[in-house]
1. Would you mind working out the accessible area per residue for chain B, using a 1.4 Å probe, and quoting it in Å²?
2. So which residues in segment A:156-173 end up with at least 40 square angstrom less accessible surface once the other protein chains are there, compared with the chain by itself, probe 1.4 angstrom?
3. Which three semi-axes in whole Å describe the equivalent ellipsoid of segment B:80-177, each the square root of 5 times a Cα gyration tensor eigenvalue, listed largest first?
4. Over all directions, average the projected area of the Cα convex hull of chain B and note it in nm².
5. Averaging over every viewing direction, what projected area does the convex hull of the Cα atoms of segment B:3-168 cover, in nm²?
6. For chain A, take the alpha-carbon Rg, divide it by the Kirkwood Rh, and send me Rg/Rh.
7. Normalised by the residues of segment A:97-248, what does the relative contact order come to in percent, with Cα pairs under 8 Å and at least six apart?
8. At 37 °C and 0.692 mPa s, grab the translational diffusion coefficient of segment B:199-312 from Stokes-Einstein with a Kirkwood Rh over Cα pairs, rounded to a whole number in µm² per second.
Amino acid sequence: MKVLVGYKRVVDYNVRIQVKPDGTGVVTDGVKLSANPFDDIALEEALRLREKGLAEEVVVVGIGPADLTAHLRNGLAMGANRAIHVQTADAVSPLTAARTFLKLIEKEEPGLVILGKQAIDDDANQTGQMLAALWDRPQATFASKVEITDGKATVTREVDAGLETIEADLPAVITTDLRLNEPRFIKLPDIMKAKSKPIDVIELGSLGVDAADHIKTTHYSAPPKRSKGVMVKDAAELVAALKQKGLL
Amino acid sequence: MTKILVIAEHLDGKLNGATARAVSAASAVKPDAIDILVLSDAPDAVAAEAARIDGVSKVLTVARSENAHALAAILAPQIAKAAVGYSHVFAPSTTFGKDLAPRVAALLGVSQVSDVMSVEAPHSFKRPIYAGNAIVTVEVDAGSTVVATIRTASWPAAASNGSAPVEVLGIDATLPSHTRFVGLQQGKSDRPDLQGAPKVVSGGRGVGSKENFEIIYKFADKIGAAVGASRAAVDAGYVPNEMQVGQTGKIIAPELYIAVGISGAIQHLTGIKDAGTIVAINKDGEAPIFEIADIGLVGDLFKILPDLEAALG
Ligand SMILES: Cc1cc2nc3c(=O)[nH]c(=O)nc-3n(C[C@H](O)[C@H](O)[C@H](O)COP(=O)(O)OP(=O)(O)OC[C@H]3O[C@@H](n4cnc5c(N)ncnc54)[C@H](O)[C@@H]3O)c2cc1C
């Protein structure tokens with residue numbers, strides 16, 4: 001089985017995001033970029049499937065500008081067999097990303113596609129579900145446990161009510177939640193090895209993807225700030241303050 | 001005509017309160033009609049509850065045995081058919097809606113607006129990105145169906161004084177058998193529901209263990225609060241996943257939020273930004289939680305919580 005993994009590059013989760021004063025975007029110049037944490041988890045899960053003998057090949061997929069290569073090399077250093085770089089200068093919407101994956105699926109015929117449940121930049125939480133719909137295959141979103149047996153995946157999902165388990169025939173799309181696994185660290189020798197692993201570069205324009213976007217972002221603003229509060233010195237003062245506000 | 005179809009979320013024959021919040025957002029669009037769609041194996045009780053929500057024009061039900069569990073692959077094709085003639089399709093931004101709505105959007109061939117915080121115009125909305133550290137205004141093309149999930153913490157639940165008619169909807173959709181429900185392990189609790197409770201007490205890594213978490217439950221019970229937790233507390237196994245508050249857990253807006261032994265990472269704060277009053281109890285006076293807390297108390301939680309209980313009498 002071949003596993004396709006979505007591997008998006010985003011602003012690192014530790015960066016304090018600043019909105020540009022003119023409202024045209026957020027500041028990204030000189031800001032640290034990293035793999036989307038959910039995608040590292042997706043890649044880790046795929047590698048574990050390969051290590052268990054349940055998958056033969058793990059392919060990381062990135063959609064983005066020419067300088068995405070270094071990021072994809074990290075995915076290769078973590079252990080992916082090869083990478084596909086769908087090149088485009090513009091950020092793509094979840095729908096376009098899903099349509100792009102569908103094109104790659106037609107060619108690659110994977111048994112499983114693992115994506116992060118959301119990317120921590122746009123927080124959209126859409127691509128996996130959209131891909132599963134367009135592909136007409138099962139989706140198992142927000143996965144915290146995955147078991148592959150006899151052509152099907154049994155997936156435990158983190159839902160508001162607790163933990164839901166579903167069964168999905170393969171091929172299928174899985175999206176990862178944080179507790180699925182802890183991704184491995186990249187070791188120096190692996191970085192060297194990754195240099196010789198192949199990266200296919202494909203122009204997004206050459207895939208014939210309908211990149212029509214129905215949604216435009218027209219303005220960015222900073223969230224309203226909460227004003228600084230007061231400190232109390234002990235439990236009695238806290239109770240008094242809450243009673244005064246009518247909260248107790 | 002602006003007509004909005006709101007997808008009802010329900011479990012065990014009860015309507016989830018998030019549905020009435022999605023109806024509030026639908027009302028803000030000032031549409032000609034708001035209809036609620038109930039997909040279930042036995043929709044009657046849920047439909048009756050939905051019919052009482054203020055502002056609802058009618059409730060549509062689809063009763064099929066395949067709808068016994070909310071599997072997106074099964075529900076989405078039915079919703080895509082039901083959506084014909086509607087300008088908007090709304091679902092709450094709960095794990096139910098987040099799983100389902102993008103699948104519907106893709107079947108309709110449109111992008112989705114996730115986590116709507118405010119309605120600027122019928123095709124213009126505000127939503128958070130970067131864990132709520134930036135807010136964007138988005139505009140959906142005039143001609144395309146708006147599929148959106150509604151950030152429940154931004155909207156009050158619409159009241160329940162209405163009496164909309166309930167109609168059976170015939171939908172002819174072939175449903176896949178490739179996805180099957182196996183089971184749901186639900187946390188059993190007599191405490192208020194985290195997503196709707198006016199008061200919430202949350203514990204973090206500072207609580208130290210599953211056993212120690214009893215001190216949080218005890219205090220919460222004393223003031224009638226729901227109990228939440230940070231990701232670190234869930235990861236460490238102190239409490240189950242459904243209690244996680246934050247960017248990747250539940251986004252809540254209680255009147256009172258008390259964070260105990262929680263440092264205040266941005267991913268946690270995302271989940272509580274809309275709370276009325278935030279109280280922080282932490283032994284580290286430099287913890288970032290104090291930057292956003294309305295009332296802060298520096299000290300050892302194992303001393304402060306019993307003191308609070310004593311002070312409450
Ligand atoms: C992609 C991503 C998504 C995430 N999503 C979420 C999310 O949804 N929700 C979430 O919560 N986190 C989330 N996180 C994790 C987040 O970054 C923090 O790691 C986490 O919130 C820390 O939890 P904590 O505050 O309980 O633990 P810590 O940061 O370890 O803080 C523990 C606090 O307890 C205090 N303390 C210790 N002992 C005592 C005592 N006896 N009395 C009083 N105070 C005490 C300490 O001073 C400290 O401030 C996410 C991270 C990533 C990367």
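1. Details: 11550 Å² over 313 residues.
Per-residue value: 37 Å².
2. By number: A:D160, A:A161, A:L163, A:E164, A:T165, A:I166, A:E167, A:D169.
3. On the way: eigenvalues 116, 67, 41 Å².
Output for segment B:80-177: semi-axes of 24, 18, 14 Å.
4. On the way: hull surface 67.1 nm².
Result: 16.8 nm².
5. Values: hull surface 34.4 nm².
Across all orientations, segment B:3-168 yields a mean hull projection of 8.6 nm².
6. Rg divided by Rh gives 1.06.
7. Numbers: 172 pairs, mean separation 31.3, N = 152.
So the answer I get is 21 percent.
8. Details: Rh = 13.5 Å.
Value of D from the Cα-based Kirkwood radius: 243 µm²/s.
The values are calculated or read from the model by the stated rules, or taken from the named source; none is laboratory data. Keep in mind it's a predicted model, so treat the numbers as computed, not measured. We place every Cβ from the backbone using ideal geometry, glycine too, and count neighbours over all the protein chains shown. The area values use the complete protein model at the heavy-atom level, side chains included, leaving out ligands, DNA and RNA. Shrake-Rupley method; radii C 1.70, N 1.55, O 1.52, S 1.80 Å.
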